[in-house]
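All remarks here apply to the structure that follows.
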């Protein structure tokens, strides 16, 4: 991979998560320290390591079950759990973690770190296999991930953060896993039929709920 395509992949991978992160951070009336945000983002990126390892193990077991739902929802749970762990280790015992909405802010931040790593590997893989014909095509795919997989990570982690702030972490992980799993199932089902509007509408509905949750916690 030459320098220009590599730089294009890096920029296209970073842009979706960064844009959503800025959007959600602007909803916080009392901005968090930039260093702590960067730390949570970095831990979210590092979370990709155990996630990939466990997902390989899950896919190996899934071949014996031959159950698509087992695979989809188990993989979704693994990602939701480790995004929460990244946020938790970033802010535990930190005095800056002092408002209910902070739980959602740091969960989304960690999620965008993970999404950025995912975007990088997806885009670099496509480029290496000739799946894109130009730098412009890379950014077209990045736009699709901006309104798809990257937003999904933000929304599902937003649910975890909301329930974590309310002392109902387990419920948050369940809700996030269900949302994540359903979206993946819809993508898998309708992508071949060019009906991506179906999973997109599902994500829009989930987004409305999460934005409302940000308003609820932000007012406390």
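Name the one entry in 204, 209, 179, 174 that is buried (at least 18 other Cβ atoms within 10 Å of the Cβ) and more than 22 Å from residue 125 (Cα to Cα). Give the steps one after another, and end with the answer.
Details: 204 fails: buried (at least 18 other Cβ atoms within 10 Å of the Cβ); 209 fails: buried (at least 18 other Cβ atoms within 10 Å of the Cβ); 174 fails: buried (at least 18 other Cβ atoms within 10 Å of the Cβ).
Result: 179 is the single residue among 204, 209, 179, 174 that is buried (at least 18 other Cβ atoms within 10 Å of the Cβ) and more than 22 Å from residue 125 (Cα to Cα).
Say whether the condition of being out of contact with any strand residue (DSSP E or B) (no Cβ under 8 Å at 6 or more places or on another chain) and within 18 Å of residue 209 (Cβ to Cβ) is met by at least one residue in segment 119-130.
Going residue by residue through segment 119-130, those that are out of contact with any strand residue (DSSP E or B) (no Cβ under 8 Å at 6 or more places or on another chain) are 119-130.
Next, from what is left, pick out any that are within 18 Å of residue 209 (Cβ to Cβ): none.
No, segment 119-130 contains no residue that is out of contact with any strand residue (DSSP E or B) (no Cβ under 8 Å at 6 or more places or on another chain) and within 18 Å of residue 209 (Cβ to Cβ).
So is residue 72 surrounded by fewer than 17 Cβ atoms within 10 Å (Cβ to Cβ) and either closer than 19 Å to residue 14 by Cβ or in contact (Cβ under 8 Å) with a residue 24 or more places away in the chain (or both) or not? Lay out the reasoning, then the answer.
Working: surrounded by fewer than 17 Cβ atoms within 10 Å (Cβ to Cβ): no; either closer than 19 Å to residue 14 by Cβ or in contact (Cβ under 8 Å) with a residue 24 or more places away in the chain (or both): yes.
No, not satisfied.
Could you tell me whether segment 45-57 includes any residue that is more than 18 Å from the chain's Cα centre (by Cα), over 20 Å from residue 162 (Cα atoms) and at pLDDT below 95? Step through it out loud before you land on a result.
To start, the set of residues in segment 45-57 that are more than 18 Å from the chain's Cα centre (by Cα) comprises 56-57.
If we keep only those that are over 20 Å from residue 162 (Cα atoms) too, we end up with 56-57.
From the residues that got through so far, the ones that are at pLDDT below 95 too are 56-57.
Taking every residue of segment 45-57 in turn, at least one turns out to be more than 18 Å from the chain's Cα centre (by Cα), over 20 Å from residue 162 (Cα atoms) and at pLDDT below 95.
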## Note on the structure
Of the conditions (1) closer than 20 Å to residue 178 by Cα; (2) surrounded by fewer than 17 Cβ atoms within 10 Å (Cβ to Cβ), the single one that residue 112 does not satisfy is (2)
### Task
Could you give me the residue pairs with C-beta distances under 8 Å whose first residue belongs to segment 52-69 and is over 21 Å from residue 121 (Cα atoms), whose second residue is assigned to a helix (DSSP H, G or I) and at pLDDT 70 or above wherever it lies, and which are 6+ apart or on separate chains?
62/70; 62/71; 62/74; 65/71; 68/185; 68/188; 69/181; 69/185
### Task
Output the residues belonging to segment 23-51 that are within 19 Å of residue 216 (Cβ to Cβ), touching a residue at least 12 places away in the same chain (Cβ under 8 Å) and either loosely packed, with under 13 Cβ neighbours inside 10 Å or touching a strand residue (DSSP E or B) at 6+ places or on another chain (Cβ under 7 Å) (or both).
29, 30
### Query
With respect to residue 85, is the statement that it is without any contact (Cβ under 8 Å) to a residue 60 or more places away in the chain and either surrounded by 12 or more Cβ atoms within 10 Å (Cβ to Cβ) or closer than 23 Å to residue 145 by Cα (or both) true?
yes
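The values are calculated or read from the model by the stated rules, or taken from the named source; none is laboratory data. Because the structure is predicted, anything quoted here is derived from the model rather than measured. Note that each Cβ is placed from the backbone with ideal geometry, even for glycine, and that neighbours are counted across all protein chains shown.
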